[in-house]
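Heads up, the thing below is written out as structure tokens.
The values are calculated or read from the model by the stated rules, or taken from the named source; none is laboratory data. What you see is a predicted model, and the numbers here were worked out from it, not measured in a lab. Cβ: placed from backbone, ideal geometry, glycine included. Neighbour counts: every protein chain shown.
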Amino acid sequence: MKFLPALLVVSFVLASVQAKDAAPTGPAADRAYLVEVLTKTSRPVLQGIADGNFFEKLPKRDWESGRRNAAYAEALGRTLAGIAPWLALPPDDTPEGKLRAEFADLARRALIAAADPANKDYKRFTMSEGKETNRQFLVETAYIAQAMLRAPNVFWEPL
């Protein structure tokens with residue numbers, strides 16, 4: 001019989017510790033988590049392209065050698081299309097708003113770098129030989145266009 005009260009005390013203590021260490025819940029916590037994931041996944045792509053070293057940093061796999069050139073345009077197009085609705089939100093002075101402004105600038109710099117013939121990675125964002133690769137570039141160009149349509153205040157109007 002002494003075992004049951006001891007078990008209850010241990011369970012209560014563990015539950016208290018877990019509740020204290022548990023992550024906050026609710027819409028604000030969900031949003032913070034999603035913004036964290038968004039920035040962790042998109043920063044390496046946008047920063048690498050903007051800095052002109054994306055080609056060097058992107059992992060290369062033997063099994064994807066036929067699509068390697070398309071992978072760079074794919075990363076840019078799909079990243080921009082994915083974050084465009086977030087970037088299109090109105091500016092504000094919150095920490096998220098400041099992060100959004102930083103990413104809007106980074107996204108514009110990445111687009112400029114990808115379209116700059118002087119950029120050493122420029123050829124990674126243009127049509128290349130082979131029908132399959134050219135079709136893939138057409139798809140990725142559509143993703144970039146979609147990003148511009150979703151966030152004209154970020155991409156088109158600053159031009």
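Looking at (1) in a helix (DSSP H, G or I); (2) farther than 21 Å from Ala107 by Cα, which is the only condition Thr25 fails? Unmet condition: (1). From the list Pro5, Pro85, exactly one residue is at pLDDT 75 or above and either of a type outside the set (D, E, K, R) or surrounded by 10 or more Cβ atoms within 10 Å (Cβ to Cβ) (or both). Which is it? One residue alone meets the criteria, Pro85.
Of all residues in the range 43-70, those satisfying the criterion of being closer than 19 Å to Glu140 by Cβ, modelled with pLDDT under 80 and assigned to a helix (DSSP H, G or I) are Glu64, Ser65, Gly66, Arg67, Arg68, Asn69, Ala70. Quick check: anything in the range 100-107 modelled with pLDDT under 95 and surrounded by 11 or more Cβ atoms within 10 Å (Cβ to Cβ)? No, there is no match, as no residue in the range 100-107 is modelled with pLDDT under 95 and surrounded by 11 or more Cβ atoms within 10 Å (Cβ to Cβ). The residues on offer are Pro90, Pro117, and the sole one that is part of a loop (DSSP other than H, G, I, E, B), at pLDDT 90 or above and not acidic (Asp, Glu) is Pro90.
Of the residues examined, Ala29 is not one that is within 19 Å of Arg150 (Cβ to Cβ), hydrophobic (A, V, I, L, M, F, W, C) and modelled with pLDDT under 95.
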